[in-house]
1. Taking Ala16, is it open to solvent by 70 Å² or more (accessible area, probe 1.4 Å) and either at positive phi or without any contact (Cβ under 8 Å) to a residue 24 or more places away in the chain (or both)?
2. Here is a check on your reading of the model: is Arg24 of a type in the set (D, E, K, R) and over 11 Å from the mean Cα position of the chain (by Cα)?
3. Within segment 1-13, count every residue that is exposed (fewer than 12 other Cβ atoms within 10 Å of the Cβ) and either outside any loop (DSSP other than H, G, I, E, B) or out of contact with any helix residue (DSSP H, G or I) (no Cβ under 8 Å at 6 or more places or on another chain) (or both).
4. Output the qualifying pairs, or none if there are none: Cβ atoms under 9 angstrom, residues six or more apart or on different chains, first residue in segment 32-53 and of a type in the set (D, E, K, R), second residue open to solvent by less than 40 Å² (accessible area, probe 1.4 Å).
5. Residue by residue through segment 25-74, note down the ones that are loosely packed, with under 14 Cβ neighbours inside 10 Å and among the aliphatic types (A, V, I, L, M).
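The values are calculated or read from the model by the stated rules, or taken from the named source; none is laboratory data. A quick note: this is a predicted structure, and the numbers were derived from the prediction, not measured. Cβ placement follows ideal geometry from the backbone for every residue including glycine, while neighbour counts extend to all protein chains displayed. SASA here: full protein model, heavy atoms, side chains in, ligands and nucleic acids out. Shrake-Rupley method; radii C 1.70, N 1.55, O 1.52, S 1.80 Å.
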Amino acid sequence: MAHRILFTKRADREYADVPKGPIRELDKILDGLGDDPFPAGCRKLRGYGDLWPVRFSGSWRVVYHVDARAAEVTIARIFPRALGYERALRGLK
């Protein structure tokens, strides 16, 4: 079953700021999450409820939430790893 991909307002702004190189890989990842929101090797973020991370382009992360009943994947944050998870995910617990 295909999942619909949604963005929070913040993630939508962050998407616009991703450089051209990583954006291609991010688009492929987002398409893949629509088909399978739990790709191989993906583990829930400990201490952040029901958030899942995916690494792309080496140093970038996308963090999302899956609503299986509504068949939706909500992108919560897109950020460079240098920002750090604690700082990037403040307020999402």
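1. For Ala16, the condition - open to solvent by 70 Å² or more (accessible area, probe 1.4 Å) and either at positive phi or without any contact (Cβ under 8 Å) to a residue 24 or more places away in the chain (or both) - is met.
2. yes
3. Step one: filter segment 1-13 for residues exposed (fewer than 12 other Cβ atoms within 10 Å of the Cβ), giving 1-2, 4, 9, 13.
Going one step further and asking which of them are either outside any loop (DSSP other than H, G, I, E, B) or out of contact with any helix residue (DSSP H, G or I) (no Cβ under 8 Å at 6 or more places or on another chain) (or both), we end up with 1, 4, 9, 13.
Matching residues across segment 1-13 total 4.
4. Asp35/His3; Asp36/His3; Arg43/Trp52; Arg43/Pro53; Lys44/Leu51; Lys44/Trp52; Lys44/Pro53; Asp50/Val66
5. Ala40, Ala68, Ala70, Ala71
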